[in-house]
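Taken together, the values in this text are just the output of simple stated rules run on the coordinates, not laboratory data. Here the structure is a predicted model, which is why all the values come from computation and not from measurement. Every residue, glycine among them, receives a Cβ derived from its backbone with ideal geometry; neighbour counts consider all protein chains shown.
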Amino acid sequence: MKAEATVSDGRVRAPEIGAAPYVIGVDGGGTRTTVALADAEGRELLRHSGPAGLVDPLRPDESAERLVRLLGEAATAAGVRTPALSLCAGLAGVGSVVERERVHAVLAGSGIAERVRVVSDGEIALEGAFGDEAGVLLISGTGSVAYGRGAEGRVERCGGWGMLVGDEGSGYWIGRTALQRALQSVDGRQPPTGLLPVLLAALGVEDADAVPPRVARAPKGEIAGLAPQVVTLAATGDTVATGVLEEAAADLARHATALERRLAPWPAAVPVVLWGGVFQNAGFAARVERALELEGGKFVVRAAAADAVTGALRMARAVVAL
């Protein structure tokens, strides 16, 4: 029977489960980290939230050590003993083997769990969204990426190349492109647009000349935070803002189309789940759905079966079964 949980100060706590065997799932994204504990049968016992779980490629050990502290807090809140049977940590920023192995070494050496698996946050989101089923997870948050699982179980990734050479259709891409188009409008290279005053106010600067140095100092998340302003302006009919969003939607649809080709054959239309903060805006999600419809019925958009931390728990239990 699932333990009764209470919510306090953003944390979900459950009564002590003592020495009973349990597994840990972690969803570490660019905004916050969610830790979940479940018993050996998969029944969730506790959720505990903390700061962003994004792994800094320059300091992956420090990122992993912060996670160890958060895991310790979760264990204390639940009244459990360490080590857990297994831990699956899905983290943003572990796309390369180097960062992944460094984080794995710190987590495994901490004694928090007998078995440790480190994967990307997109992989656990795919697991949560589809379980064992085939489909494509299209992610647009601060960054963008897509994961797909084919009918035969093969998993592929598309995009996710980072803000300098990728992240098309993401919140960051929308914010940066909107700033670019606003400044081009000042030059006369784009039609008149209401983007500039809206974005100046959001950035807290007074004129176009102040934009480049302000943006150069801004963290990625702040630029991504401009995306809602662009969506709001596009809803008023601003053609430049609308063009930015249409381009973003088309780019995201191309992610899904690439995975549909790479993971073929499919027995029917490919299920697609839209995931991430940018898709919280219904207007933008509708644009992406229309872009997918232009592919001639290849895709059907559906809701996720479960969240990412649930996917991490599923993967943690699979580690135990190995």
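For region 133-303, what is the per residue volume of the convex hull drawn over the alpha-carbon atoms, in cubic angstrom? Each step should come with its number before you reach the end.
Details: hull volume 18.6 nm³, N = 171.
Looking at region 133-303, the number lands at 109 Å³ per residue.
If you average the C-alpha positions of region 27-59 and of region 267-322 separately, how far apart do those two centres end up, in angstrom?
20 Å
Just in region 122-184: which trypsin sites (Lys or Arg not before Pro) are loop by DSSP and have at most 15 other Cβ atoms within 10 Å?
On the way: sites: 149, 154, 157, 176, 181; in loops: 154.
Sites meeting the loop and neighbour criteria: 154.
Express in nm, to one decimal, how much length is gained between residue 210 and residue 187 on full extension, taking 0.36 nm for each residue of separation and deducting their alpha carbon distance. Walk me through the numbers on the way to the answer.
Details: separation 23, 0.36 × 23 = 8.28 nm, distance 1.50 nm.
Computed gain between residue 210 and residue 187 is 6.8 nm.
Take the alpha-carbon centre of region 161-236, take the same for region 68-100, and report the distance between them in whole Å.
Using only Cα atoms to place each centre, the spacing works out to 36 Å.
Please compute the Kirkwood hydrodynamic radius over region 16-72, one decimal place, Å, based on all pairs of different Cα atoms.
On the way: mean 1/r = 0.0824 Å⁻¹.
Kirkwood hydrodynamic radius for region 16-72: 12.1 Å.
Ranking 158, 88 by Cβ neighbours within 10 Å, fewest first, what do you get?
Numbers: 158 21, 88 28.
Ascending number of Cβ neighbours within 10 Å: 158, 88.
Specify which labelled value, from (1) 1.01; (2) 1.12; (3) 0.94, agrees with Rg/Rh (Cα atoms, Kirkwood Rh) derived from the coordinates of the model shown.
(1)
Only bridges with both residues in region 133-303 count here: give the DSSP antiparallel percent, nearest 5.
Values: 11 of 18 bridges.
Just about 60 percent of them are antiparallel.
Expressed as cubic angstrom per residue, what is the convex hull volume of the alpha carbon set of region 215-262?
Looking at region 215-262, the number lands at 99 Å³ per residue.
Can you work out D for region 203-322 in µm² s⁻¹ from Stokes-Einstein, where Rh is the Kirkwood radius over C-alpha pairs, the temperature is 20 °C and the viscosity is 1.002 mPa s?
Details: Rh = 17.3 Å.
The Stokes-Einstein estimate is 124 µm²/s.
Looking only at 25, 150, 243, which one moves most when the chain is put into a Gaussian network model with springs between Cα atoms under 10 Å?
Of the options given, 243 has the highest mean-square fluctuation.
Calculate for the chain the 222 nm mean residue ellipticity that helices alone would give, adding -39,500 (n - 2.57) per DSSP H run of length 4 or more and normalising by residue count, nearest 500 deg cm²/dmol. Can you show the working numbers first?
Working: 11 runs with 138 residues, N = 322.
The helix-only estimate for the chain comes to -13500 deg cm²/dmol at 222 nm.
Measure off 7 Å from each Cα along the Cα-to-Cβ vector at residue 152 and residue 222, then give the distance between these two points in nanometres to one decimal.
4.9 nm
Using the C-alpha atoms of region 174-250, what convex hull volume per residue, in cubic angstrom, is computed? Each step should come with its number before you reach the end.
Numbers: hull volume 6.3 nm³, N = 77.
It comes to 82 Å³ per residue, whole-number rounded.
May I ask for the angle, rounded to the nearest 10°, between helix 239-262 and the longest principal axis of the chain, with both axes built from Cα atoms and the value confined to 0 to 90°?
With rounding to tens, the tilt is 50 degrees.
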